[in-house]
Each structure stands twice: as C-alpha cells, then as structure tokens.
Amino acid sequence: MKRELLLATFIVLTGFVSAWSDTGRISIFSDSLYTSSEAFDSIPSLLTLYVVLDETSGGITAVGSIRVAGGGGFTGVWLSETSPFPVVVGTSQDSVSVRASGCAFPPPHLLLTIVYSVFGTSANCSYVEGTASLGYVPCVGLGPFPVESGRLIVNPDNSCTAVPVEKSSWGRIKTLYR
C-alpha cells in the first residue's frame, strides 16, 4: 500500500497526463560511452550496466515505472544501483521512477547504473531487458510519452540474431496493411 501511494504521489507531482505522441527508447549498455549493448559472463566478476533513455524532445523531467530484469538464462544477481536524478522512488528490480529537479538534457539520459554479480554461468543469447511502463515527461509539451523497451545481449553468438515468431492469423496480418 505504501509503495502504491508513493508511486501515485510521484505521478501527480511530475504532471503525468494522457497524451501520447513522441516515443523514447530504453537502451542498456555495458560501457560508460554507450556504445555496446553486449556483455560477457565468462568468469565470476562484477558487471556494470548503464540504463539510458533516448528521446527526441530534447529534455526530460521524469521517467516512470522503470523495470530492468534478466531473462533467457541470465544468472547474474542484482547488487546495487545508482541514479544521477535527485528524486528516485523504488528500485529497478520491481519498479523505479526518477525525477529531475529541472529539465535534464540533452539526450541520451543516463537513468540508472546497475551492478550485477555474474558467475560465468549465463546462457548464450541471454539478456537484460529494460522497460518504462509509465513513459517519460518532456521538458516542454504534454506527456507522458511512451518508451520502447530495450535489451542488452549477454554472451552473444551467431544465433542471437534470430527474430522471435508469434502465432497469428492471415486476417490479423492483413489488418496491418489497411
């Protein structure tokens, strides 16, 4: 109950309204220069990941309900996280929201730095995925705007590029082109 009240207060204080038009994207990098979305878990060590929001509005005031989770055989254990934003509610393991004291720009915006302990046991093509289900609030204009999820691939190999397939009907596919 307390967490829900904190999140509701956060949403009201950041001025979230329901107007969607500009999309951001969560990216997760294994280097502080934001160039590599791949990591290797081959020996026991610490793995530092950088969770970044790319958006086109030029600046943000808040990002709501960020969740970062491993999947597909990732065996790393979350140890800690930090954020450059002054207001942080929650953790990325459940749901974290961040708010700037003014306008944070220019993009890309570092949202979180997360440290995992890895043991050399993660599966090839496993991943760490980031989402922000409440979106982001730009400095100018209405918001929040949606945020696409992003992945960092752990132990990449040639099979990681396979595109997952969903079952669908021919009628549903035809509606995409109307």
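Observations, loosely collected:
- Stretch gain in nm, segment Val87-Phe105, where the contour uses 0.36 nm per residue and the Cα spacing is subtracted: 4.9 nm
- Ranked by the mean number of other Cβ atoms within 10 Å of their residues, highest first, the peptides 79-87, 108-116 come out as 108-116, 79-87.
- The label point for Glu148 and the one for Thr23, both projected 7 Å from the Cα toward the Cβ, are 0.5 nm apart.
- FRET efficiency for the pair Thr75 and Asp54, taken as 1/(1 + (r/R0)^6) with r the Cβ-Cβ distance and R0 = 30 Å, rounds to 0.60.
All of the numbers you see were taken from the coordinates with simple rules; none came from a lab. Worth saying up front: this structure is predicted, and the values here are computed from it rather than measured. So basically every Cβ, Gly included, is an ideal-geometry build from the backbone, and we count neighbours across all protein chains shown.
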